[in-house]
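> Mind having a look at this structure? Questions to follow.
Read-outs: derived from the displayed coordinates by stated rules, not from any lab. Not measured: the values here are computed from a predicted model. As a convention, Cβ positions derive from the backbone with ideal geometry for all residues, glycine included, and neighbour counts pool all protein chains shown.
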Amino acid sequence: MACLPSEDLEHIFSNTRGLWEDLREQSIFLTGGTGFVGTWLLESFLMANDRLSLRAKVVVLTRDPEQFCRRSPHLAEHASVQLLGGNLSGFDFPVGDFPFVIHAATAPQFEPDVEHPLGAFDADLEGTRRVLQFACSHGVRRYLLTSSGAVYGKQPPDLTHIPEDYVGAPLTSDTGSAYGQAKRASEFMSAMYARVYGFDAIIARLFTFVGPLLPLDAHYAIGNFIGDALEGGPVRIHGDGTPYRSYLYAADLATWLWTILLRGKSAHPYNVGSPQDLSIAELARTVIGVIAPGAGIEVAKRPIAGRPMRYVPSTALVQRELGLRPLISTADGIRRTSEWHRFNGSANR
C-alpha cells in the first residue's frame, strides 16, 4: 500500500497541531488499523509522533500481521508501531497501560447483503465487548468508538440534515439493519462501561467519505464513479441517481477524529461527515467534470415519484463545540483521490 499524500498529512498536522502534546510518551491501542479509517489515523499519528518527538507508541490489532507488513511496510516497520495478531473477539491483551484506545474496526462479516445478519451482529458486538474489557483493565482514560450514521435508521425525507439528537432508529425487523443495530448496541455498551469503570467514551458517528485508499471496485458509489471516470467513462449509476449523500475528505476525517478523541465529551455522540449534500446524479456529474470532461453517464433506473432518500449529517454540534468544519471540498477531494490512484497505479480495476 502506498503512502498517503504528504499534502494531506500536512493538512492533518496543521489542523491538529495543538492536540498532540496529550499523547506525549503515551500508548495507544488501535483496532481497524489496516482499514480505510484506521490507516489514515495511524499514518497521521506517526507523522506527528516523529515531527514532535512525542515518543508515543501504538499497538495495532490485525488479523494478519504478515499481510500488513507486505502491504504497508512503511507503517508496520516503524519503530513506534507494534503489531498484535488476533481477531476482535478473542485477541490476547498486550502488556502495559494504554490511556488511549481507538476502536475503529468492524466485524468483517458485514457486507451490504449479508446472509447471516445475526452472526455479523454478534461478532461486531462481541468485538466491542472485548475491546472494552481490555480498555478498562489497562488504564484507559479516553476511548474512541467509530460508530456510524446507520444508527439513525432511514432518514426522514423532510429532514435535510440528521442531528445527533434525532430519536429514530433502524427497524428491528429488518435483517438489513444488522450493521446499524450493532453500532447502536456498541454505543450503549461503550457508554455503560465508561460510566461503571470511570473513563471517557467518545462516540463518532461516521457517514460517507472520499480519499486515497478508498476502493474503486467496492460498494461505494463515489469510488465506483471515480474508477469509471479514470477509465474514460461512462460513469454508471446503478440506481436512479436521486438519493442524496455527502462526502467528507479523508484528511478532514482524520483531523476530526483526532480532535474528537482528545477534546470531545464523553458519551456525547458527534456526527462525522460533510453537510454539503448532493444527489448521486450530481455526484456523477461532479466526478466527470473533475476527472473526465465529456464522458457520459448511464443511469440504470427511472426516478420514482416522491421525495428522494437522504443520508446527510448535521454537523452543527461538532462545529459549535469543537470548531470543526470541512476544509476540503468534494470536488477537490475527488481530484486528490483520483490523482493518488493514478500515481500509484491503482486506477485500473
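> Helix 330-343: angle to the longest alpha-carbon principal axis of the chain, degrees 0 to 90, nearest 10?
With both axes taken from Cα atoms, the answer is about 80 degrees.
> List ARG70, ARG141 from most exposed to least, where exposure is judged by having the fewest other Cβ atoms within 10 Å.
ARG70, ARG141
> Could you tell me the calculated FRET efficiency between GLU298 and ARG342, based on Cβ-Cβ distance and R0 = 22 angstrom, to the nearest 0.05?
0.45
> Could you check the spin-label model distance between LYS154 and ASN87? Points 7 Å from the Cα along Cα→Cβ, value in nm.
Each label point lies 7 Å from its Cα, and together they span 3.4 nm.
> For CYS136, what charge total do you get from the other residues with a beta carbon under 14 Å from its beta carbon, if Lys and Arg give +1 and Asp and Glu give -1? Provide the component values of the computation, followed by the final result.
Working: positive: ARG129, ARG130, ARG141, ARG142, ARG195; negative: ASP97, ASP200.
Net charge around CYS136: +3.
> To the nearest whole percent, what portion of all C-alpha pairs in the chain is separated by more than 33 angstrom?
More than 33 Å apart: 25 percent of the Cα pairs in the chain.
> A follow-up question, please. Could you grab the relative contact order for region 1-124? Cα pairs under 8 Å, six or more apart, rounded to a whole percent.
Here the relative contact order equals 28 percent.
> A further question follows. How many lysine pairs are close in the chain, with Cα atoms under 30 Å apart and the two 8 or more places apart or on different chains?
Lysine pairs meeting both conditions in the chain amount to 6.
> With n ≥ 4 as the cut-off for DSSP H runs, can you work out [θ] at 222 nm for the chain, using -39500 (n - 2.57) per run divided by the number of residues, rounded to the nearest 500?
Here the helix-only value at 222 nm equals -12000 deg cm²/dmol.
> In addition: With 10 angstrom as the radius, rank PHE343, PHE45 by how many other C-beta atoms surround their C-beta, starting from the fewest. Spell out each step's value before the answer.
Working: PHE343 12, PHE45 26.
Neighbour counts put them in this order, fewest first: PHE343, PHE45.
> Quick one: helix 178-197 against the long Cα principal axis of the chain, what's the angle to the nearest 10°, folded into 0 to 90?
Roughly 30 degrees between the two axes.
> Taking other Cβ within 10 Å of each residue's Cβ, how do THR62, THR175 sort, fewest first?
THR175, THR62
> Something else about it: Using the Kirkwood radius over Cα pairs, work out the Stokes-Einstein diffusion coefficient for region 219-288 at 4 °C and 1.567 mPa s, in µm²/s as a whole number.
93 µm²/s
> Taking 0.36 nm per residue of sequence separation and subtracting the Cα-Cα distance, how much length would be gained by fully extending the chain between TYR197 and ALA267, in nm to one decimal? The partial results should precede the final answer.
Values: separation 70, 0.36 × 70 = 25.20 nm, distance 1.32 nm.
Contour length minus the Cα-Cα distance gives 23.9 nm.
> Using all C-alpha to C-alpha distances in region 32-107, build P(r) with 5 Å bins and read off the rounded percent in each one.
Cα pair-distance distribution for region 32-107, in percent: 3, 15, 28, 28, 19, 6, 1.
> If you plug each phi of region 57-65 into the Karplus form 6.51 cos²θ - 1.76 cosθ + 1.60 with θ = phi - 60°, what whole-Hz ³J(HN,Hα) values come out, in order, with x for Gly and Pro?
Ordered by residue, 3J(HN,Hα) equals 9, 9, 9, 10, 7, 9, 5, 9, x Hz.
> Follow-up. Note down the relative contact order for the chain as a percent, whole number, built from C-alpha pairs under 8 angstrom at least six residues apart.
Working: 662 pairs, mean separation 60.2, N = 349.
Computed over the chain, the figure is 17 percent.
> Extending each Cα 7 Å along its Cβ direction at ARG320 and ARG236, get the distance between those two points in nm, one decimal.
That separation, rounded to one decimal, is 4.5 nm.
> Using only Cα atoms, find the angle between the long axis of helix 6-16 and the longest principal axis of the chain, and express it within 0 to 90 degrees, rounded to the nearest 10.
Orientation of helix 6-16: about 60 degrees from the principal axis.
> What net charge is computed for the residues neighbouring PRO156, neighbours being all others with C-beta under 10 Å from the C-beta of PRO156, Lys and Arg scored +1, Asp and Glu -1?
In short, +2.
> Enumerate the whole-percent occupancy of each 5 Å bin, from 0 to the last occupied one, for all C-alpha pair distances of region 191-317.
Result, from short to long distances: 2, 10, 16, 18, 16, 12, 9, 7, 5, 3, 1, 0 percent.
> Follow-up question, since we're still on this one. Can you compute the charge dipole magnitude of region 173-227 about its Cα centre, using +1 on each Lys and Arg Cβ and -1 on each Asp and Glu Cβ, nothing else charged? Give it in debye, rounded to the nearest 20.
Computed charge dipole of region 173-227: roughly 160 debye.
> Oh, and also: Cβ under 13 Å from ASN344's Cβ, ASN344 left aside: what net charge do those residues give with Lys, Arg +1 and Asp, Glu -1?
Local charge sum for ASN344: +2.
> Label ALA79 and LEU171 with points 7 Å out from Cα along Cα→Cβ: what is the distance between them in nm?
Those two pseudo-labels are separated by 5.7 nm.
> Also: Considering only DSSP beta bridges whose two residues both sit in the chain, what percent are antiparallel, to the nearest 5?
If I count the DSSP bridges inside the chain, around 5 percent turn out antiparallel.
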